[in-house]
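In what follows, a single structure is set out as structure tokens and then discussed.
The values are calculated or read from the model by the stated rules, or taken from the named source; none is laboratory data. Because the structure is a prediction, the values reported are computed rather than measured. Here the Cβ positions follow ideal geometry from the backbone for every residue, glycine too, while neighbour counts run over all protein chains shown.
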Amino acid sequence: MNSAVRATAVVLATTAGLLTAVTATPASAVTTCTSPVYKRQLFANTTFSGTPKQTGCDAAISENWGAKAPASGLPTNNFGVRWTVTRDFGSGGPFALNVAVQDGLRVYVDGVRKVDVWKNVSTTVKKTVNVTIPAGKHTLRVDYVNWTGNANVGFTYTPRTTATVDKVKPLTPTGLAVAYDTATGRAKLAWAANKEMDLGGYRVYRRPADGASWTRLVSTVSTTYTDTTLPVTGAAYAYELRAYDKAGNESAGTAVRTVTTADRTAPAVPAGLPTASKPEGLQFAWGEVAGAASYRVYRAASLSGTYTRIGTTDQTSYLDSTAVEGTTYYYRVTALDAAGNESAQSGAVVGTRRDVTPPSAVTGVTVTPTEYGFEVRWDANPTADLESYTVRRGELWGEEGDEQVCSLYPGYYVSADTTSYAYTALPDGEESCFIVDAVDDAGNSSFRWTGEAQIVTVTELDMTPSVATPEGSPLTLTVEAAEGDEGNRLTWHGLAESAPEQAGGYRVHRWNPETSSYERIADLPSGAFEFFDTGVPRGTTSFYWVTAVTEDGSESLPAGDWAVTAP
């Protein structure tokens, strides 16, 4: 055997941005290439028959031999190269098979041909074939032949990671382990690397062990994470890990891992102690303190007096039934955890027992969508000391079909002798919710104390013009709703009186829903800056355009605005 046969060839292969020396073994030796490196076989024919002339490993398929032979001992024409690799594709999904070749190339996935560019050509042919590869291990085989002329070949297989194409969730991560350090109060998580080729990273979630909602702590590409934010309160916390890919798909969560923290700190100081006088006594409440098992209540006759403990409760409110009407008291609260750690006393809250009986709830609420927003009506409330009503609008939170919450905006006060209210709002088809609350002369609110009210949901009329206002107008338009019979006031600015763009004056247009167009309602002279539109009835919504007119009659792009008037 001559030295040329005995010698081994060193091929530089690129792996993760580094140059790695891959040694090609003689054809007679058994060659093993570690996935995802390809096993490469070179043949002195185009049928891949007989024993390969040379076998080696390639980290990538990217060759340009030109008119030369691919290796010593092979012809410059009529040779073949076969690459194979078996690798784990994780959850699989959509992939792009990209080829650039001169002359022929075929690509197989698990023996099934996916790409066929099999022709003697004189220039490089490029082609991309999109395929879906199932989860798990699969074998890629790439057959290349050069019949005559120059020889070059390039092949890649890459995940398709756009959200519209890739709907396949990554595999659930494996091997999640959590270790808690009682000395530092930290939890260290570690897990096995995911097999996904389009892996974006991992997301670590945590929740109280008895809770239902997960909180995302971090997104990371690492396979470890140390949670430094755990409260040292003796509470138990659960962890879950999920993988996500570059298309934004997130895997199912791993099995839950739980740790119990050390308890050596007192709870936080309670906060937010509003008082309220009730027929049974003086009541006050505070915000729930994380980790608190109970609360102690202290009372004094003056702000700087001696605070004496008067009770203990596991609730976040306390009713002092011993309070005397007309007497002022000062209260402080502490929180206790299950280990008996007691917080410092809260800030003092003062209260005097008074009338705390709220009005009865408002009934018979109806809401009708109108061209100005909504007409709200309700039954007269029978409460003797009724002071006013509060009409409140809100938006629904939560998915349709699930339990939804009406998140309320601040309300409008209406006198006690009124049972209707014209609620003005831009009618653009949004869904809203309404309540009407009753308030007595002591400030007691039915809704605020009971937390209950008749909720009415209604969808606005959609008065929005079907013709959108274009951008780029030189003008800025402001429309103020009419308060009397003077009409809606339109004011605009943006062009000086001497500007040639308004030498022909200004034109005012108003949307006509019957013709689905903005119609001219006024022509104004050069230098004008306002217009009163008295041609629309109250109780409706008006949409306007204002344009500047040049001396030759050309109009600028319009500026737009709208106004709503109550009936």
Condition met for T164 (out of contact with any Asp or Glu (no Cβ under 9 Å at 6 or more places or on another chain), free of Cβ contacts under 8 Å to residues at least 60 places away in the same chain and in the same structural domain as G93 (by TED's automatic domain parsing)): no
Wholly within segment 417-466, strands (runs of 3 or more DSSP E) carrying at least 3 residues that are out of contact with any Ser or Thr (no Cβ under 8 Å at 6 or more places or on another chain), free of Cβ contacts under 8 Å to residues at least 24 places away in the same chain and outside the structural domain of F543 (by TED's automatic domain parsing): none
Qualifying position, being closer than 30 Å to V439 by Cβ and in contact (Cβ under 8 Å) with a residue 40 or more places away in the chain, among G351, G326: G351
Segments classed as strands (runs of 3 or more DSSP E), wholly inside segment 224-280, with at least 3 members that are of a type in the set (S, T, N, Q): none
Options W378, W397; residue that is modelled with pLDDT under 95 and of a type outside the set (S, T, Y): W397
Residue satisfying condition, being more than 30 Å from T457 (Cα to Cα), among the aliphatic types (A, V, I, L, M) and surrounded by 19 or more Cβ atoms within 10 Å (Cβ to Cβ), within set V367, V333, V376: V333
V356 surrounded by 14 or more Cβ atoms within 10 Å (Cβ to Cβ), modelled with pLDDT of 95 or more and closer than 20 Å to Q315 by Cβ: no
Qualifying position, being modelled with pLDDT of 50 or more, over 21 Å from N152 (Cβ atoms), in the same structural domain as L97 (by TED's automatic domain parsing) and surrounded by 10 or more Cβ atoms within 10 Å (Cβ to Cβ), among S35, S62: S35
Unmet requirement for T182, which otherwise passes all of (1) surrounded by fewer than 15 Cβ atoms within 10 Å (Cβ to Cβ); (2) at pLDDT 95 or above: (2)
Residue under evaluation S473, criteria (1) of a type outside the set (D, E, K, R); (2) surrounded by fewer than 17 Cβ atoms within 10 Å (Cβ to Cβ); (3) outside any strand (DSSP E or B); (4) in contact with a strand residue (DSSP E or B) (Cβ under 7 Å, 6 or more places away or on another chain), criterion not met: (2)
